[in-house]
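Novice: Questions regarding the structure given below will be posed in turn.
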Amino acid sequence: MEGGGGIPLETLKEESQSRHVLPASFEVNSLQKSNWGFLLTGLVGGTLVAVYAVATPFVTPALRKVCLPFVPATTKQIENVVKMLRCRRGSLVDIGSGDGRIVIAAAKKGFTAVGYELNPWLVWYSRYRAWREGVHGSAKFYISDLWKVTFSQYSNVVIFGVPQMLEKKLERELEDDARVIACRFPFPHWTPDHVTGEGIDTVWAYDASTFRGREKRPCTSMHFQLPIQA
């Protein structure tokens, strides 16, 4: 049978079907592009998951009640903390010890120092640093929720971040001869006995006998009672 133009209907059907059939090479190229797209998406997604898995522990807060990222202490901050430990004896604890810098510095000065940190990655890294620095015998690190730790056995307490969260806890647990050293932020309701440093490197020292309103025990080898100048 022929159409109105004299062209057989079978020929018209074949031509119509051929217009809707894509070349084989085009289909292969499209499939390859699709596969590359899936591969690229998988690589990007996998990379993001890996980065998240590695980075999350380093920004997990050491204090559960406030979301605080880990911020390492500066060299000057460590020097100021050590300055506040002059004429001090007994054990030391760093609350939220991060990568262990304060604990290791105190151990090098002869203190038996302990760091409590909720982040296991930072605790393991701190232990490695203590071993590398040769003070692993006197610098210890533990994975612990700070609210479940009792600080009564420590004579020196160091804390970074927002100290007001632990203000009442330290008042209840510390002995009268203990000293609390706050870095970056002071305690809002305590009057510091000593202050040193400037800006983010400022360090405040509080004696427990002072914030409890009791008479302080004098330190014969300490030549300052007024705030220290950096």
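The values are calculated or read from the model by the stated rules, or taken from the named source; none is laboratory data. Everything quoted here is computed from the prediction, not taken from an experiment. Glycine also receives a Cβ, built like all others from the backbone with ideal geometry; neighbour counts cover every protein chain displayed. Keep in mind that these areas ignore ligands, DNA and RNA; they rest on the heavy atoms of the full protein, side chains included. Shrake-Rupley method; radii C 1.70, N 1.55, O 1.52, S 1.80 Å.
Novice: Short version: ³J(HN,Hα) in whole Hz for each residue of the range 80-93, in order, from phi by Karplus 6.51 cos²θ - 1.76 cosθ + 1.60 (θ = phi - 60°), x for Gly and Pro, what are they?
Specialist: Using θ = phi - 60°, the values come out as 5, 5, 4, 4, 6, 8, 4, 6, 9, 10, x, 7, 10, 10 Hz.
Novice: Starting from 0.36 nm per residue, how many nanometres of slack lie between K148 and K108 once their C-alpha separation is accounted for?
Specialist: Roughly 11.6 nm would be gained on extension.
Novice: Quote to one decimal, in nm, the extra length available between R212 and Q164 on full extension: 0.36 nm per residue of separation minus the C-alpha distance between them.
Specialist: The R212-Q164 span can extend by a further 15.7 nm.
Novice: What is the distance, in nm, between label points placed 7 Å from the Cα along the Cα-to-Cβ direction at E79 and at H136?
Specialist: According to this spin-label approximation, the distance is 3.0 nm.
Novice: Placing unit charges on C-beta atoms (Lys and Arg positive, Asp and Glu negative, everything else neutral), compute the dipole magnitude of the range 94-209 about its Cα centre in debye, rounded to 20.
Specialist: Computed charge dipole of the range 94-209: roughly 500 debye.
Novice: Loop-only trypsin sites (Lys or Arg not before Pro) in the range 123-218, please: DSSP not H, G, I, E or B, and at most 14 other Cβ atoms within 10 Å.
Specialist: Those that pass, being in a loop and sparsely packed, are R212, R214, K216.
Novice: Farthest toward the dipole's positive end in the range 137-178, which of Q164, Q153, I143, given Cβ charges of +1 (Lys, Arg) and -1 (Asp, Glu) about the Cα centre?
Specialist: Toward the positive end, the furthest listed residue is I143.
Novice: Where does each of H136, H194, H189 land when they are ordered by accessible area, with a 1.4 Å probe and the largest first?
Specialist: Accessible-area ranking of H136, H194, H189, largest first: H189, H136, H194.
Novice: Under 5 Å between amide hydrogens, which residues at least 5 positions from G115 or on another chain qualify, with H placed 1.01 Å from N in the peptide plane?
Specialist: Distant-sequence amide H within range of G115: D94, K140, F141, Y142.
Novice: What nm value, rounded to one decimal, do you get for the distance between R172 and F185 when each label is placed 7 Å out toward the C-beta?
Specialist: Distance between label points: 2.1 nm.
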